[in-house]
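Colleague: Handing you a structure now.
The values are calculated or read from the model by the stated rules, or taken from the named source; none is laboratory data. Bear in mind that the values here come from a model prediction, so they are computed numbers and not experimental data. Ideal geometry is used to build each Cβ from the backbone, glycine not excepted, and the neighbour counts take in all protein chains shown. Remember, those area values only see protein heavy atoms, side chains included, never the ligands or the DNA or RNA. Shrake-Rupley method; radii C 1.70, N 1.55, O 1.52, S 1.80 Å.
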Amino acid sequence: MTADLHRAETGDGAGDGTGDGTGDGSTHPAPAPPSVPAERAHPPRRSRLRRWLRRGALGCAVLLVVVTAASFVYNGVTAGRAAPPRGLKYVQAADVRTRYQTWGTAGPPVVLVHGAFETVDTWSRLAPLLARDHRVYALDLTGDGYSERHGPYTVDHFTRQLLGFLSAMHLGGPGERPLLVGHSSGAAVVTEAALRAPGRLGGVMLLDGDALDTGAGPPPAFKYVLIDPYRTSLLRIGLGIDAVIRSLYDAQCGPACPRLDAAGLDQWRRPLRVPGAEGALWSMLAAGVPGLPADQVARLAGVRLPKSVVFGAQDDVFTRRTPQETARRIGAPPPTLIPGARHLTMVSSPEAVAAAVDRLTAASVAASR
């Protein structure tokens with residue numbers, strides 16, 4: 001009894017199964033469970049990030065495939081091109097089959113040269129006013145409107161087309177020397193024409209344009225970002241939304257301009273939907289807004305022609321100093337600023353522009369005596 005009690009007190013479990021199972025009465029700690037590698041128990045953050053990146057890349061690739069396929073399908077469905085309006089008049093001007101329009105039957109001739117992404121129809125409010133006392137001519141420069149698309153879309157090429165148009169219209173001789181009115185980027189074209197053939201002209205007006213090559217236009221990366229088929233889809237979608245066209249028109253024209261109705265929307269939209277228009281548009285955007293170096297524009301000051309500079313007083317395409325600087329650069333009188341007008345003065349303020357043309361006509365007649 002005493003021995004058993006002693007064994008119980010000392011924990012001697014030999015032979016009773018209470019030891020470590022070795023039967024020798026000694027005690028040992030129980031074996032530890034097998035260990036789990038730390039990276040399996042708690043995946044590192046870098047591994048999770050890699051998985052998410054792979055999933056993101058896969059998702060982007062799938063999205064790109066879907067968008068590209070949808071773009072190709074949309075472009076195929078909308079591939080039909082619009083026809084030019086009926087009844088347009090054309091003439092061969094240099095190497096370009098050129099659409100043109102005339103107004104009036106008597107008086108000194110005036111030739112209207114539009115700016116980028118404009119057409120003969122941009123002059124539809126001004127030309128009838130001028131036609132009361134002038135013979136008025138307007139042409140679509142190549143790349144815009146309904147003239148033949150024939151690059152390169154440069155000032156040089158536009159000027160050759162303009163001078164070819166004067167020849168086709170039998171303008172430029174004694175008593176037939178026209179005033180050239182160049183709007184926006186068209187200012188560079190009439191400036192270059194005056195430098196090349198001053199004896200064929202009666203005067204030059206720069207309307208809402210400084211004729212300079214300022215590098216304006218989309219950034220260089222544009223041609224790498226907007227590529228086909230996406231750019232074609234975006235263009236066609238944008239042209240199909242009336243609100244987009246109206247917002248661009250309102251921003252350039254201002255509150256004094258008439259609201260675009262269905263005919264007005266078609267006037268701005270259809271030229272970009274005729275065959276060849278999209279390709280020409282991408283080429284012109286890649287080249288930027290046409291213009292001339294400042295020293296070349298300044299040569300116009302030495303040309304003995306009546307000159308005029310007219311701007312909208314609220315034109316936000318240029319700085320407030322641009323009209324005065326332009327007039328000084330080309331040797332013109334102080335500029336005419338049209339109150340409340342923005343960049344499309346011939347649309348918003350045709351009466352004021354017509355009055356400025358009349359003043360230039362009077363100066364031209366006086367100079368020819």
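Colleague: Is it the case that some residue within the stretch 73-90 is in contact (Cβ under 8 Å) with a residue 60 or more places away in the chain, open to solvent by 40 Å² or more (accessible area, probe 1.4 Å) and assigned to a helix (DSSP H, G or I)?
Modeller: To start, the set of residues in the stretch 73-90 that are in contact (Cβ under 8 Å) with a residue 60 or more places away in the chain comprises 74-75, 78, 81-85.
With open to solvent by 40 Å² or more (accessible area, probe 1.4 Å) added as a condition, the list becomes 74, 81, 83-85.
Still in the running and assigned to a helix (DSSP H, G or I): 74.
Yes, there is a match, as at least one residue in the stretch 73-90 is in contact (Cβ under 8 Å) with a residue 60 or more places away in the chain, open to solvent by 40 Å² or more (accessible area, probe 1.4 Å) and assigned to a helix (DSSP H, G or I).
Colleague: Name the helices (runs of 4 or more DSSP H) wholly inside the stretch 291-369 in which the number of residues that are open to solvent by less than 20 Å² (accessible area, probe 1.4 Å) is 3 or more.
Modeller: Numbers: elements: 294-298, 322-330, 345-348, 350-368.
Where helices (runs of 4 or more DSSP H) fall fully within the stretch 291-369 and carry at least 3 residues being open to solvent by less than 20 Å² (accessible area, probe 1.4 Å), they are 322-330, 345-348, 350-368.
Colleague: Could you please find all residues in the stretch 266-278 being under 14 Å from the mean Cα position of the chain (by Cα) and not hydrophobic (A, V, I, L, M, F, W, C)?
Modeller: Scanning the stretch 266-278 gives a single hit, E278.
Colleague: Which residues, taken from the stretch 269-282, are part of a helix (DSSP H, G or I) and either farther than 10 Å from Y146 by Cα or open to solvent by 30 Å² or more (accessible area, probe 1.4 Å) (or both)? Show your work before the answer.
Modeller: Applying the first criterion (part of a helix (DSSP H, G or I)) to the stretch 269-282 yields 269-272, 277-282.
Residues satisfying the conditions are R269, R270, L272, E278, G279, A280, L281, W282.
Colleague: Filter the stretch 104-118 down to the residues that are open to solvent by less than 40 Å² (accessible area, probe 1.4 Å) and either touching a Phe, Trp or Tyr at 6+ places or on another chain (Cβ under 8 Å) or closer than 21 Å to R149 by Cα (or both) and list them by number.
Modeller: P109, V110, V111, L112, V113, H114, G115, A116, E118
Colleague: Okay, moving on. With respect to T105, determine if the residue is β-branched (V, I, T) and not in a strand (DSSP E or B). Steps first, answer last, please.
Modeller: Details: β-branched (V, I, T): yes; not in a strand (DSSP E or B): yes.
Against the criterion (β-branched (V, I, T) and not in a strand (DSSP E or B)), T105 qualifies.
Colleague: Among the residues of the stretch 224-268, which ones are without any contact (Cβ under 8 Å) to a residue 24 or more places away in the chain, of a type in the set (K, R) and assigned to a helix (DSSP H, G or I)?
Modeller: Passing the criteria: only R246.
Colleague: Give me the residue from the stretch 243-265 that is open to solvent by 60 Å² or more (accessible area, probe 1.4 Å) and farther than 20 Å from D315 by Cα and, out of that set, nearest to the chain's Cα centre (by Cα). If you could, list the steps in order and put the result at the bottom.
Modeller: Here is the first cut: in the stretch 243-265, the ones open to solvent by 60 Å² or more (accessible area, probe 1.4 Å) are 243, 247-248, 250, 252, 255-256, 259, 261-263.
Subset that is farther than 20 Å from D315 by Cα: 243, 261-263.
Details: A243: 17, D261: 23, A262: 23, A263: 23 Å.
Applying the filter and picking the extreme gives A243.
Colleague: On the given criteria, is D295 modelled with pLDDT under 95 and either over 25 Å from R177 (Cβ atoms) or out of contact with any Lys or Arg (no Cβ under 8 Å at 6 or more places or on another chain) (or both)?
Modeller: Numbers: modelled with pLDDT under 95: no; either over 25 Å from R177 (Cβ atoms) or out of contact with any Lys or Arg (no Cβ under 8 Å at 6 or more places or on another chain) (or both): yes.
Judged against the criteria, D295 is not a match.
Colleague: Further question: Mind checking whether some residue in the stretch 322-334 is of a type in the set (D, E), under 15 Å from C257 (Cβ atoms) and in contact (Cβ under 8 Å) with a residue 40 or more places away in the chain? Break it down stepwise before answering.
Modeller: Restricting attention to the stretch 322-334, the residues satisfying the condition of being of a type in the set (D, E) are 325.
Among the residues that remain, those that are also under 15 Å from C257 (Cβ atoms) are: none.
There is no residue in the stretch 322-334 that is of a type in the set (D, E), under 15 Å from C257 (Cβ atoms) and in contact (Cβ under 8 Å) with a residue 40 or more places away in the chain.
Colleague: How many of the residues making up the stretch 142-166 are without any contact (Cβ under 8 Å) to a residue 40 or more places away in the chain and polar (S, T, N, Q)?
Modeller: Final tally of qualifying residues: 1.
Colleague: Still on this structure, I have one more. Select the helices (runs of 4 or more DSSP H) contained entirely in the stretch 119-223, then report the ones holding at least 3 residues which are open to solvent by 50 Å² or more (accessible area, probe 1.4 Å) and out of contact with any Phe, Trp or Tyr (no Cβ under 8 Å at 6 or more places or on another chain).
Modeller: Details: elements: 127-130, 155-168, 186-196.
Output list reads 155-168.
Colleague: What about P339, is it in contact (Cβ under 8 Å) with a residue 60 or more places away in the chain and over 19 Å from G182 (Cα atoms)? Lay out the reasoning, then the answer.
Modeller: Details: in contact (Cβ under 8 Å) with a residue 60 or more places away in the chain: no; over 19 Å from G182 (Cα atoms): yes.
Answer is no for this residue.
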